[in-house]
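Quick note: the coordinates plus some simple rules give every number you see, no bench work behind them. Everything quoted here is computed from the prediction, not taken from an experiment. Note: ideal-geometry Cβ built from the backbone for every residue, glycine included; neighbour counts use all protein chains shown.
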Amino acid sequence: MKDFMSKTLWIIANWKSNKTIAEALEWVSKVGPNLHFRENIKVVVCPEFDAIVEVKKAVQVGGWKLEVGAQDLSPFRAGAYTGEEAAQNLSQLISLSILGHSERRQNFGETDEMVAKKVDQARQNNIIPLVCVQGKETLVPEGCKLIAYEPVFAIGTGNPDTPENANQVAKFLRKQHGHDAEILYGGSVNHENAKAFVQQESISGLLIGKSSLDPEEFLQIVNICIESNV
């Protein structure tokens with residue numbers, strides 16, 4: 001295994017369609033004060049759109065080492081696109097956006113072409129695009145350097161991929177997209193298996209769904225990642 005001090009770890013909470021604004025702020029009030037700065041650990045929370053503004057305010061007021069991201073953004077510029085959230089408008093609030101998640105592809109008919117347009121909008125507005133792939137065959141827009149491997153069979157099922165297989169997929173993706181590409185794993189991550197994933201040579205963090213909803217569980221995963229990366 002490699003020297004972990006040279007590896008940045010991303011720990012990203014994807015709340016999906018969960019939490020009211022009040023619940024989001026309660027989560028932030030529990031997690032924020034318990035995050036301790038580590039130069040090579042990046043913790044990001046991705047709430048629903050309606051909670052992003054209030055979560056951002058709470059993080060700024062608290063001065064906590066927590067970045068705010070979005071679960072998606074529009075493939076279009078700001079304009080006459082009812083119901084869409086333009087990257088230009090989100091750029092003042094977020095540093096990262098999850099793009100191409102399998103749930104978006106399955107439930108909303110999102111295509112590779114649409115994902116590429118969203119990546120382009122993110123880049124134009126200084127938002128880091130985190131592109132989700134379901135396997136080696138999933139297309140990734142050229143130049144993307146932050147990728148999350150999320151096998152469909154593992155999402156919300158309690159049946160994660162093996163750390164060893166996830167590492168092999170990550171190795172393949174790094175070979176395809178450059179040695180500097182950072183590959184995250186997502187899919188039924190919890191405090192019991194987090195260490196095994198982040199200790200894999202080619203895995204640079206975790207995209208966490210259900211387990212991120214519980215602030216205590218999420219903090220436990222963060223602490224495990226910190227302890228595994230020293």
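Report the Stokes-Einstein translational diffusion coefficient (µm² s⁻¹, integer) for region 4-228, Rh taken as the Kirkwood radius over Cα pairs, at 37 °C with viscosity 0.692 mPa s. Before the final figure, lay out each step's value.
Values: Rh = 17.4 Å.
This corresponds to a translational diffusion coefficient of 188 µm²/s.
Longest span of the chain, sites excluded, free of GluC sites (Glu not before Pro) in DSSP loop with at most 14 other C-beta atoms within 10 Å? Mind dumping the intermediate values first?
Working: sites that count: Glu39, Glu137, Glu142, Glu192, Glu201.
Counting only loop sites that pass the neighbour cut-off, the longest clear stretch is 40-136.
Give me Tyr185, Tyr149 ranked fewest to most by other Cβ atoms within 10 Å of their Cβ, as a rough exposure proxy.
On the way: Tyr185 31, Tyr149 27.
The fewest-first ordering by Cβ neighbours comes to Tyr149, Tyr185.
What is the chain's relative contact order, in percent, from Cα pairs under 8 angstrom and six or more apart in sequence?
Details: 458 pairs, mean separation 47.9, N = 230.
About 21 percent, as a whole number.
Express in % the proportion of alpha carbon pairs of region 36-117 at distances exceeding 20 Å. Present the calculation step by step, with values, prior to reporting the outcome.
On the way: 1317 of 3321 pairs.
The calculated P(r) of region 36-117 puts 40 percent of pairs beyond 20 Å.
Taking the beta-carbon count within 10 Å as an exposure proxy, list Lys195, Lys16 from fewest neighbours to most.
Details: Lys195 14, Lys16 17.
Result, fewest neighbours first: Lys195, Lys16.
Taking amide H positions as placed in the peptide plane 1.01 Å from N, state which residues far from Val140 in sequence (5 or more) or on other chains have amide H under 5 Å from it.
Correct list: empty.
So, in nm, how far is label Glu192 from label Asn40 when the simple model puts each one 7 Å beyond its Cα toward the Cβ?
Here the answer is 2.9 nm between the modelled labels.
Which length gain, in nm to one decimal place, applies between Asp120 and Gln168 when the Cα-Cα distance is subtracted from 0.36 nm times their residue separation? Write down the numbers at each step before the final one.
Details: separation 48, 0.36 × 48 = 17.28 nm, distance 2.80 nm.
This chain segment gains 14.5 nm when fully extended.
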